[in-house]
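The values are calculated or read from the model by the stated rules, or taken from the named source; none is laboratory data. Since we're looking at a predicted model, the values are computed, not measured. When we count neighbours, we look across all protein chains shown, and the Cβ atoms used for this are built from the backbone with ideal geometry, even at glycine. With ligands, DNA and RNA removed, areas are computed over all heavy atoms of the protein, side chains included. Shrake-Rupley method; radii C 1.70, N 1.55, O 1.52, S 1.80 Å.
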Number of protein chains: 2
Amino acid sequence: MANTGTPSLFCFLLVVVGVSVQQVDGVWPLPQQLDQSWDRYSLSPQLFSFTYGQDSAAQTGCSVLDAAFKRYFSIIFPDFTKGTENVLQSMWSEPQPFVVSVTVKTRGCDGYPNEDSDESYNLSVSEGQALLRSVSVWGALRGLESFSQLVYQNDYGAYFINKTEIVDFPRFAFRGLLLDTSRHYLPLHDILKTLSDVMRVIEHARMRGIRVVPEFDSPGHTQSWGKGQPGLLTPCYKGSVPSGSFGPVDPTVDTTYKFMESLLKEVNIMNMTAALNKTSIVWQDVFDYHERPRSKYVVEVWKQGCYLCEMRRVTKAGLKVILAAPFYLDLPIPTHSWPRYYNCFLLSQIPQDTVLEIWKGKNYKTELSRMTSAGHRVLLSAPWYINHISTGQDWRDSYAVQPQNFSGTDEQKKLVIGGEVAMWGEYVDATNLTPRLWPRACAAAERLWSNEEKTMNADVAFPRLTEFRCELLRRGIQAEPLFVGHCKHEYDGL
Amino acid sequence: MANTGTPSLFCFLLVVVGVSVQQVDGVWPLPQQLDQSWDRYSLSPQLFSFTYGQDSAAQTGCSVLDAAFKRYFSIIFPDFTKGTENVLQSMWSEPQPFVVSVTVKTRGCDGYPNEDSDESYNLSVSEGQALLRSVSVWGALRGLESFSQLVYQNDYGAYFINKTEIVDFPRFAFRGLLLDTSRHYLPLHDILKTLSDVMRVIEHARMRGIRVVPEFDSPGHTQSWGKGQPGLLTPCYKGSVPSGSFGPVDPTVDTTYKFMESLLKEVNIMNMTAALNKTSIVWQDVFDYHERPRSKYVVEVWKQGCYLCEMRRVTKAGLKVILAAPFYLDLPIPTHSWPRYYNCFLLSQIPQDTVLEIWKGKNYKTELSRMTSAGHRVLLSAPWYINHISTGQDWRDSYAVQPQNFSGTDEQKKLVIGGEVAMWGEYVDATNLTPRLWPRACAAAERLWSNEEKTMNADVAFPRLTEFRCELLRRGIQAEPLFVGHCKHEYDGL
């Protein structure tokens, strides 16, 4: 009655956890340079503090870092914070003071992180102190996260950190996670409350150095908009009679673009622009109509419009655009069947500041080549649709992705600015989001932050990720198991 | 950037929920006969009560039903119970008394359900009352569950039930769910606490008319036993040197059977026998050794033993056996290579009271034919390994299973006593068990309880299951979504 998927469990069972940790195997995602020694220092919550370095541009009052100091104190010393500290802890060694001194080079405590933010940091842990240096407050946040992961507890609950040197910076600037809030939840009567929630999310994210990028899909994925905006959608036909169903927003009428312009302006009015400097346009559905026309009428209507051309005008309102690729420019559709707007679909006509997101299919390497050869910056999402699930350790597939391993010049490779893990919501809501997301998203996180050569072996990563998943549980995050085993702090929310 | 899995969402979006419910679409699993009228009666928690019928063999003091009355009151009237009742509720109609009268034919309030328990019931809902009649208290529990699902609330929170007649009984007596508690959790220092937990689980289950059937896998899946019982397992060899790994329990030594006998006796000592009258023996691993011998030595050792023969003796201690099938009796292994115990592996030699569980492979129909033709009762589990996950609505596959659709006589079909949904634990623990289990297990539940002809269409079942999943959320069970949509009571545990 054994699970057929694990025949080798039988004779070759590996004990992957449960070994008493005397050192942290590594920070997740792995820093660019990490040197650890076996020398270790005891940490005592009573004598532990964060402080700002004398030369730091950020000092007490810096909202982002003041809050981070409090947050990470709780993360590092959960027992102390919860008042469940074990009395045996203090028997392990003489309590010594320990100070984490943070020095930030440039100001910017009240701003938002953006694609040009410098997230690098250096961290040096030695006796009695840790020196954390960064260019920006965002880099300091990354360093604090790494520091928090370096601290470990022995079986008696005593805290330790090893002598450590870290030099770290992200491989890619854009390391995204898509959460689909449209397919579940949101009772209508809660809309106003939701808008205020958006502001909370943005501020919450800012304090953690995270950008919130809202995605307004169009012209497809707009069925719900149609309910509140009569005339917005293209009617579908059954023969010559409207079928009652609707296609994407109607690209042939001016009202469509007026609506889109108001929508994007409203985002500005909500004062979210500083944080939200990208918006996405779903484009593939246009071409679905050509590939598999659902009604001849829709195809005809569609050919008469040029959604992208018009949207270029509308989005000049200051919002940059991430365009969901691929574009089926090589479709076997005769050019003469495309009217005057045809050329606006050509890749070369897309404004150079438009980032192209590659989301579809197994041939993403071909798309990476093609789009970067046209000079566009690209985001990779296709292999990281982790709403797609399967039995077993599918994080290994995510881990094996090489975003710059495609046919192209070095210049082309540089145009890969990052990637995005996608958790679409057809089968996901609050009941299963967290365990489905964590630790599976961690695989892409390491691919987007760390040195690829040092992190390509999933077998080497496995015990580190297993340990990090335990750390997530310790922080109260309902992360699902990678395989058989147990953690010191199990999830008890059942 | 749409999910590639749902291209048809575009033009053919169906609104599957959100329609104001004026009637309950159906109880899950569907009763054998269910007749509902549009006549409906208002229920008022203040004037609602459960009572025992005059002729009932069970009366006040019946532990199972007294507790069920309390439990179902809370389930039926959650707002009232939580004190969040809407004042508008009472404006809908004059409050009327409503009594659910339960009449049980036979006693047995303090016993445990077994495979011969009669779970049938009749339920008649009319003005002011519901009459629930059953042979046993277990049937009354099933009827109370159905009754609870018949009650619904309108948009203002008022409670209603429609005039209803139900005649119901289960299609199969054995409708199992396997929970794998071995691959995750259980720190050693909690063992004693765990043993007392087992008793709590059994009592909790009894009160709900559920049998707890512990599964002690052997001879395979015994690696952890080997850690506490030196000499129990068969050593693996690398050449002529022990490799340090171990195979299944060693069938060639008497100590193995002494250990198994003590183990099973201990289950008796724990006074669980009444509830726990089956135990499982994992058998396939024996044959794995022949199929893919990991070491010649093990194969040789194995051939000298006859685990099953010996276990027949040991399990005479009163425990019945569910044997995990298939047995590879038709293996292309020359008979002469099998020693004297060969014939005990023959299907015909397995005691007739041994239930065979078909757990492996896609050819389960062939196995059903073969094992029932040998006169054995069988349980079907192979198509219901729901720890295997995939993107989308895989409950439809579970729903399509037809346990009696195999080549065989009517007598053979009757030997199918039920099935078992399996949730093995390699990738499942407290973090993701509930959303992975519910509502996916519901599909098999309907196949095992309801009339197959009335419930074979998954499209017809979909809105009912969607509604039932909302009911699970309303009861605080973290059931994951079936598709896009929302429920009145969403899960807010995030």
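A few notes on this one:
- Per residue of peptide A:479-490, the mean number of Cβ atoms on other chains within 10 Å of the residue Cβ is 5.
- Label geometry 7 Å along the beta-carbon vector: B:Asp55 inter-copy distances in nm: 9.5
- Label-to-label distance for B:Glu203 and B:Thr252 is 4.8 nm, based on points extended 7 Å past Cα in the beta-carbon direction.
- Taking 7 Å steps out from each Cα toward its Cβ at A:Thr366 and A:Lys265 produces label points 4.3 nm apart.
- The A-B contact accounts for roughly 6000 square angstrom of buried accessible surface, both chains included, probe 1.4 angstrom.
- One Cα centroid belongs to the stretch A:123-173, the other to the stretch A:443-467; the line between them spans 18 Å.
- Label geometry 7 Å along the beta-carbon vector: B:Arg208 inter-copy distances in nm: 3.3
- Each residue of the stretch B:251-256 was assigned a 3J(HN,Hα) from its phi angle through the Karplus curve 6.51 cos²θ - 1.76 cosθ + 1.60 (θ = phi - 60°); the sequence is x, 9, 10, 4, 4, 4 Hz, with glycine and proline shown as x.
- Shielding by other protein chains, B:390-400, mean Cβ within 10 Å: 2
- Computed E for A:Lys413/B:Asn114 - FRET, C-beta separation, R0 56 angstrom, nearest 0.05: 0.25
- Ordering of A:216-223, B:206-213, A:450-457 by packing [mean C-beta count within 10 Å, highest first]: A:216-223, B:206-213, A:450-457
- Computed from the C-beta positions of A:Lys227 and A:Ser126, the FRET efficiency with R₀ = 45 Å rounds to 0.15.
- A simple count of charges around B:Val64, restricted to other residues whose Cβ falls under 10 Å of its Cβ and scoring Lys, Arg +1 and Asp, Glu -1, yields 0.
- For A:Ala400, the point set 7 Å out from Cα toward Cβ sits 2.8 nm from its twins in the other copies, listed from shortest up.
- Rolling a 1.4 Å probe over the protein chains gives A:Lys82 an accessible area of about 150 Å².
- Length-normalised contact order of the stretch B:21-168 in % [C-alpha pairs under 8 Å, at least 6 apart]: 38 percent
- Amide N of the stretch B:469-494 lying under 11 Å from the label point, which is placed 7 angstrom from the Cα of A:Ser196 along Cα→Cβ: none
- Label zone at B:Gln352 (point 7 Å along Cα-to-Cβ), backbone N below 18 Å, the stretch B:387-424: B:409-417
- For A:Glu165 and A:Ile477, the difference between the fully extended length at 0.36 nm per residue and the C-alpha to C-alpha distance is 109.5 nm.
- DSSP bridge orientation in the stretch B:21-168 - percent antiparallel, rounded to nearest 5: 65 percent
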